[in-house]
1. If the viscosity is 0.890 mPa s and the temperature 25 °C, what Stokes-Einstein diffusion coefficient in µm²/s follows for the range 1-92 when Rh is the Kirkwood radius over Cα pairs?
2. May I ask for the Kirkwood hydrodynamic radius of the range 90-177, worked out over all distinct Cα pairs and given in angstroms to one decimal?
3. Running Debye on the range 184-228 with equal point scatterers at the Cα sites and no solvent, what base-10 log of I(q)/I(0) appears at q = 0.17, 0.19, 0.22, 0.28 Å⁻¹?
4. Just to confirm the filter: which trypsin sites (Lys or Arg not before Pro) across the range 89-193 are DSSP coil and have at most 12 other Cβ within 10 angstrom of their Cβ?
5. Please compute the Kirkwood hydrodynamic radius of the range 84-139 from all pairs of different C-alpha atoms, in Å with one decimal.
6. What residues have an amide H closer than 5 Å to that of residue 110, excluding those fewer than 5 places away on the same chain, when H is modeled at 1.01 Å from N in the peptide plane?
7. Only sites in a loop by DSSP and with at most 13 other Cβ atoms within 10 Å count here; which trypsin sites (Lys or Arg not before Pro) in the range 195-248 make the cut?
8. Between 116, 218, 134, where does the largest GNM mean-square fluctuation fall for the chain, given springs only between Cα atoms within less than 10 Å?
Amino acid sequence: MHGDHCIYYEVHGDGPRMLLFNGSGATVDKSALLIGVFAKHFTVVVHDQRGLGRSGVPVGPYTMAEYALDGARVLDELGWDSCLVVGISFGGMVAQEFAVTWPARVQKLALLCTSPGGRLGASYPLHELAELSPPDRAAIYLPLLDTRFTSDWLQQHPVDAALVADIASGRSDSLSQEQIRGEREQLRARSEHDVGERLAGVTAPTFVAAGRFDGIAPHVNSEAIASLIPNATLHVYEGGHMFMVQDRTAMPDIFSFLSQDIAEVAP
């Protein structure tokens, strides 16, 4: 129990300790494949963020600081003073908030397909899609995933078409009204994310990665992040918001960064 709600989390794998912050609407169950990939190299703790999955749906509105605090409390429960921190999309926003609030708890930081927010670069306002009809939402969302994603492109690129089909099949219409409220609270908090002015306070070595054709978190936003964090490197990959799957060099680069010299910073 964390404050007025419960946070559901799982621990997978073996190796250096890693806290994974997931993306918008993503749960532990929906992210099983990705978690498994990281768990081959690391001891991964991942939780259903407030309002999602098997975690509680407290009264809103939620703040990015609260999402970061939930992650810190999971580490407290595990007795982890510090660890590697990886944030993907919305999770990258939470990871930034976490890293500027508790810099000593972050051994290394990986920020993937995300944005600093505010005047320095916000991600696409996904909360505006919530009120649209499913066909209208799909028509807008597809090129946001990858600006190249047209019908012709997908017909000629079966791997990308399979990714889109997999995303569509993962959508669920069985959410409770409380879970729908939780997802919308997350999108609202996301729309108010703005950590850019504080990123100089991140002290950990940081890997910032973006997809060249990402319409949700354009790579210029990652450029801004990398320019503001003192010990950061920027990596741009050939893909969109799912570049980690589209560009086969991305995951090995991320693993190499997180693993290199980790013995020197292990808790």
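1. On the way: Rh = 13.1 Å.
In µm²/s, the coefficient rounds to 187.
2. On the way: mean 1/r = 0.0631 Å⁻¹.
For the range 90-177, the Kirkwood estimate is 15.9 Å.
3. -0.61, -0.74, -0.91, -1.07
4. Details: sites: 105, 108, 119, 137, 148, 171, 181, 184, 188, 190; in loops: 148, 171.
Of the trypsin sites (Lys or Arg not before Pro), the ones in loops of the range 89-193 whose Cβ has at most 12 other Cβ atoms within 10 Å are 171.
5. Values: mean 1/r = 0.0783 Å⁻¹.
Hydrodynamic radius (Kirkwood, Cα only) of the range 84-139 equals 12.8 Å.
6. For residue 110, the qualifying residues are 85, 86, 87, 207.
7. Details: sites: 198, 212, 248; in loops: 212, 248.
Listed in order of number, the matching sites are 248.
8. Of 116, 218, 134, the Gaussian network model singles out 134 as fluctuating most.
Where a number appears in this text, it was derived from the coordinates with a stated rule and is not lab data. The model shown is predicted, which means the values in this text are computed figures rather than measured ones. Quick reminder, even Gly has a Cβ in these numbers, built from the backbone with ideal geometry, and neighbours come from all protein chains shown.
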